Each structure stands twice: as C-alpha cells, then as structure tokens.
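Presented below is the structure to which this report refers.
The values are calculated or read from the model by the stated rules, or taken from the named source; none is laboratory data. Given the structure is predicted, the values throughout are model-derived calculations rather than measurements. Note: ideal-geometry Cβ built from the backbone for every residue, glycine included; neighbour counts use all protein chains shown.
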Amino acid sequence: MKGTRKALKPKTVREGRVTVGGRVTTDLETWVDLSDAVIAVDGRRVAAEERVYLMLNKPRGLVTTRHDPEGRPTVFDCLTHLDHAHLSPVGRLDKASEGLLLFTNDTEFAQALLDPGTHVAKTYHVQLDRIADEALLDAMMRGVTHHGDVLRARKACLLREGDRNSWIEVVLDEGKNRQIRRMLEALDSACLRLVRVAIGALALGDLAKGAVRPLTQEEVADLRRRIASRRTDKAG
C-alpha cells in the first residue's frame, strides 16, 4: 500500500485482511494518508511507523542492495546497529562509488526524490586519469552520446590537478545509470574515484567513512521544498 509508513506484506493485503477506514482493500496500489486514515489488520489497528531519514557515507566496495546473491558486502552492513528492517536506500551508488547515500522508510518521499520530474541536483567529486581541460568540461556540459543515450552535466569544473590526474566537480540534475562514468568513457577518460558529496544542499560534510547519522528536520524539510520547487518548474 502506497503512502503507508508501516510495512504491510502484499499477501496480507491480497487476502483481504486489511481495512482502511473500516473498508476492506485488496489493492496494493491504494494510497493512504496516515494523517487521518485508520488502518487495521485482522481487526487490530496498525500504528504508523515513525519516519526515519538517514545518511550514510558509503565506502567503496559495497553494493547498494539488502542481499547480494554473490555474497558481497552491502551497504546494510553499515546499519547493523540499527533496526533497518523497513529501511531502503534512496537510489544507489555502484560498488566502486563512494559518498552520500540516503535511507528511509518513507516510500512517498523516496519516490518523489527519485522521480525524473522532480530530480534534485546531486554533486560529485571525481578523480580522472588525466588533466581535465576546458574542452572536456565543456563537452560534459554540452552533452555526449553513449550507446544511444545523451548524457550531460549541469555543471563541470576543475577542483585541483596533479602531474597526471585531476579532480573535478560534477553536478547532475538527471539520474541515468552510471552517468558520469559513461560520460567520461565517451570522452576517452577514465574515472579513478567517484564520491557523491551532496544532494541538493544536504552535504556529506565530515561524516566518517561507513558512518551513519539521522537527517535533521530542517534537512528533510529542505529536500521537500526542492522537490516541490522542481515540480512547479516542470509544471510551468
């Protein structure tokens, strides 16, 4: 059931054991507003689960899934000290990527944050195998084609450079799979490290690698405002 904060097993809903406002529902797509809806299972009222919003500084080498068929370590290994039964990651970072990853049990919030129509900007720091010149940065912002997909960054700028490699900052307002790595591949460059450092104004900051902290009410409210703003922009 969508919009609920208490996880209900699909089988329980399909068997007609769930009522909303005293009426049986078997539709898993039913939207429920917990501010006024009364939900019961087998006649017993279900209490709304407290909404949880967490940020993790994901270490490199973890896969973003609860269970991995290959037995690889997952991001949930960082949450073993928490009750994470109903938590899910908001989007993903691939195994080789690091940085800011959100978790929540608020499915409506997660869906809105991931919706392409309300996509909140994400900021990454990326180490390249070469010195990033203006031509490469401009190409990333103009857009490149990789296997039929047009990929572009909202912003790409140089952070620092060494003798053989450099770090750039990339801001995306779309969420295509492995987008930055694919853009660089199309430009004959390789990504050595990729760290997500911010989602909107929510910054990774000095959170230690593998550490988790709850978002503040102000941080959640700011993400909600950004989602609403993007919806307004798209509608206009």
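Couple of notes before you dig in:
- Applying a threshold of 8 Å to beta carbon distances and a minimum spacing of six or more residues, or different chains, the list of pairs starting in segment 83-101 at a residue that is within 15 Å of ILE180 (Cα to Cα) and ending at one that is assigned to a strand (DSSP E or B) and polar (S, T, N, Q) reads GLU98/ASN57; GLY99/ASN57.
- Picking from residues in segment 152-195 that are within 11 Å of HIS125 (Cα to Cα) and not aliphatic (A, V, I, L, M), the one that is surrounded by the most Cβ atoms within 10 Å (Cβ to Cβ) is SER166.
- Of the strands (runs of 3 or more DSSP E) lying entirely inside segment 102-153, those containing at least 1 residues that are within 19 Å of VAL195 (Cα to Cα) and within 13 Å of the chain's Cα centre (by Cα) are 122-128.
- Inter-residue pairs, beta-carbon under 9 Å, first more than 15 Å from HIS81 (Cβ to Cβ) and of a type in the set (Gly, Ala, Ser) and in segment 53-66, second surrounded by fewer than 21 Cβ atoms within 10 Å (Cβ to Cβ) and at pLDDT 95 or above, 6+ apart: GLY61/ARG72; GLY61/PRO73; GLY61/LYS95; GLY61/ALA96
- Breaking point among (1) surrounded by 16 or more Cβ atoms within 10 Å (Cβ to Cβ); (2) closer than 18 Å to LYS122 by Cβ, for ALA96: (1)
- For segment 2-27, filtered to residues that are modelled with pLDDT under 75, touching a strand residue (DSSP E or B) at 6+ places or on another chain (Cβ under 8 Å) and assigned to a loop (DSSP other than H, G, I, E, B), the residue that is nearest to GLU108 (Cα to Cα) is GLY3.
- One residue stands out in segment 196-223 among those that are under 21 Å from MET141 (Cβ atoms) and among the hydrophobic types (A, V, I, L, M, F, W, C): the one that is surrounded by the fewest Cβ atoms within 10 Å (Cβ to Cβ), namely VAL197.
- Subset of segment 57-78 [more than 16 Å from the chain's Cα centre (by Cα) and over 20 Å from VAL197 (Cα atoms)]: HIS67, ASP68, PRO69, GLU70, GLY71, ARG72, PRO73, ASP77
- Counting only residues that are assigned to a loop (DSSP other than H, G, I, E, B) and at pLDDT 95 or above, segment 169-187 holds 1 of them.
- Selection count, segment 154-165, where residues are more than 22 Å from the chain's Cα centre (by Cα), among the basic types (Lys, Arg) and not in a strand (DSSP E or B): 1
- Members of segment 90-106 found to be closer than 18 Å to PRO214 by Cβ and among the polar types (S, T, N, Q), listed by number: THR104, ASN105
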